[in-house]
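Can you keep this structure in mind? I'll have questions shortly.
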Amino acid sequence: MIKIRELEYLDAIERFKHFGKAAEACHVSQPTLSGQIIKLEEQLGVTLIERHRRNIMLTPAGNQLLAKARKVLNAAHDLEVTAKSLGDPLSGEVHLGLIPTLAPYLLPHIMPDLIESLPRLEFFLHEKQTADLLRDLDQGNLDALVLPWLDDMTDFDAYDLFDEPFVLAVNKKHPLAGKKRVRLEDLKGCHVLTLEDGHCLRDQALGYCFSAGADEDKRFQATSLETLRYMVSSGIGITLLPKLSVVDQRENQDIVYIPFQKPVPNRRIVLLIRQNYTRLETVREIVSIIRKTVKANLKL
């Protein structure tokens, strides 16, 4: 029978690509870890690890086993957390992931209410790009994500939080600066500044721009929304920004933020968890608090 500990060893080897570092992470000696992996290979009758002098990697069989092993490890972790919280389900650690185009603008609004309403929960916040967050959630390193919904997230369970509209950011000297509201059609023929590859906001914004007949301004791709803001302030171009990123902005005489007429381009913000995640009472409380806070304090 395969043991949980053996699966943990296999997982560590894949993550660190090094027997010594994997053993250190698992708090065992290197000979112990290597011996257990050899026993597992003998038990299964397949080679799981390719052993080279300078490189360690999983074989195709090892990768197939690890994919299922991580589901088992996630379930075991969730079971342990659930068991510890049976007496008080609204206690313990919660590791929450957010993307860089949302975290700095949403967290200051929701965290005070989450901490006050759920004092026995300890929140750990992780800011990464979407692909990294989804991988960490799938592997059990995170409990939940707060991020824009994408069509390829159907392997996870989602709770709707709010819809965040986009606004058009232009320099005060731009021809559109005098409008109280703009239509997507007004962007036809414009070149729009965007974020670099890897940001889901880039694809969402470009989708709206392309549908309106606008093109990407390929002279520059920003690493953050703040960089985009400085570019617009300098008169270098225009861009679409999510509404939360402009709510608390100090008055900038060089930038005009213009809302869109209906249909308003927006992004659907959700809380994402693994399917069969066991701490549903905690999840529902967090979702409820975020919804109430956003509705009460943010005019979206």
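If you take the residues of segment 40-58 that are within 15 Å of ILE2 (Cβ to Cβ) and in contact (Cβ under 8 Å) with a residue 12 or more places away in the chain, which of them is surrounded by the fewest Cβ atoms within 10 Å (Cβ to Cβ)? Talk me through it step by step, then tell me what you get.
Within segment 40-58, the first condition is being within 15 Å of ILE2 (Cβ to Cβ), and the residues that meet it are 40-46, 48.
This time we only want the ones that are in contact (Cβ under 8 Å) with a residue 12 or more places away in the chain, so: 40, 43-44, 46, 48.
Values: LEU40: 20, GLN43: 11, LEU44: 13, VAL46: 14, LEU48: 22.
So the residue we want is GLN43.
If you don't mind, there's one more thing I want to ask. Residues of segment 209-227 being under 20 Å from PRO265 (Cα atoms) and in contact with a Gly (Cβ under 9 Å, 6 or more places away or on another chain), which ones?
Passing the criteria: GLY213, ALA214, ASP215, ASP217.
Just to verify a result, which residue in segment 187-230, among those that are assigned to a loop (DSSP other than H, G, I, E, B) and touching a residue at least 60 places away in the same chain (Cβ under 8 Å), is surrounded by the fewest Cβ atoms within 10 Å (Cβ to Cβ)?
Initially, segment 187-230 is screened for residues assigned to a loop (DSSP other than H, G, I, E, B), giving 188-190, 196-199, 212-214, 223-224.
Retained after the next criterion (residues that are touching a residue at least 60 places away in the same chain (Cβ under 8 Å)): 198-199, 224.
Details: GLY198: 12, HIS199: 21, SER224: 15.
So the residue we want is GLY198.
Let me ask something additional. For segment 112-142, enumerate the residues that are within 24 Å of LEU73 (Cα to Cα), basic (Lys, Arg) and part of a loop (DSSP other than H, G, I, E, B).
Once the filter is applied, which keeps residues that are within 24 Å of LEU73 (Cα to Cα), basic (Lys, Arg) and part of a loop (DSSP other than H, G, I, E, B), segment 112-142 yields only LYS128.
Out of all the residues in segment 275-293, which are under 19 Å from the mean Cα position of the chain (by Cα) and among the hydrophobic types (A, V, I, L, M, F, W, C)?
Result: VAL283, ILE286, VAL287, ILE290.
So, of the residues in segment 151-186 that are within 24 Å of the chain's Cα centre (by Cα) and β-branched (Val, Ile, Thr), which turns out to be surrounded by the fewest Cβ atoms within 10 Å (Cβ to Cβ)?
Looking at the filtered set, the residue picked out is THR154.
Which members of segment 231-262 meet the condition of being without any contact (Cβ under 8 Å) to a residue 24 or more places away in the chain and exposed (fewer than 14 other Cβ atoms within 10 Å of the Cβ)? Before you say what the answer is, go through the steps one by one.
Here is the first cut: in segment 231-262, the residues without any contact (Cβ under 8 Å) to a residue 24 or more places away in the chain are 249-252, 262.
Scanning segment 231-262 gives GLN249, ARG250, GLU251, LYS262.
Could you pull out the residue among ALA67, ALA61, ALA25 that is crowded, with 16+ Cβ neighbours inside 10 Å and either in contact with a Cys (Cβ under 9 Å, 6 or more places away or on another chain) or among the small types (Gly, Ala, Ser) (or both)? Talk me through it step by step, then tell me what you get.
Values: ALA67 fails: crowded, with 16+ Cβ neighbours inside 10 Å; ALA61 fails: crowded, with 16+ Cβ neighbours inside 10 Å.
That would be ALA25, the only listed residue that is crowded, with 16+ Cβ neighbours inside 10 Å and either in contact with a Cys (Cβ under 9 Å, 6 or more places away or on another chain) or among the small types (Gly, Ala, Ser) (or both).
For segment 86-106, state whether one or more residues are modelled with pLDDT under 90, hydroxyl-bearing (Ser, Thr, Tyr) and out of contact with any His (no Cβ under 7 Å at 6 or more places or on another chain).
Within segment 86-106 (the criterion being modelled with pLDDT under 90, hydroxyl-bearing (Ser, Thr, Tyr) and out of contact with any His (no Cβ under 7 Å at 6 or more places or on another chain)), the answer is yes, since at least one residue qualifies.
So which of SER117, SER91 ends up being touching a Ser or Thr at 6+ places or on another chain (Cβ under 8 Å) and either in the same structural domain as ARG15 (by TED's automatic domain parsing) or surrounded by fewer than 18 Cβ atoms within 10 Å (Cβ to Cβ) (or both)? Explain how you work it out, then say what you get.
Working: SER117 fails: touching a Ser or Thr at 6+ places or on another chain (Cβ under 8 Å).
Going through SER117, SER91 in turn, the sole match is SER91.
Still on this model: Collect the residues in segment 194-215 that are farther than 20 Å from PRO148 by Cα and touching a helix residue (DSSP H, G or I) at 6+ places or on another chain (Cβ under 6 Å), keeping them in residue-number order.
Taking segment 194-215 and keeping what is farther than 20 Å from PRO148 by Cα, we get 212-215.
ALA212, ALA214 - these are the residues of segment 194-215 that are farther than 20 Å from PRO148 by Cα and touching a helix residue (DSSP H, G or I) at 6+ places or on another chain (Cβ under 6 Å).
The values are calculated or read from the model by the stated rules, or taken from the named source; none is laboratory data. Keep in mind that this is a model prediction, so the values were computed, not measured. All Cβ positions, glycine included, derive from the backbone under ideal geometry; neighbour counts span all protein chains shown.
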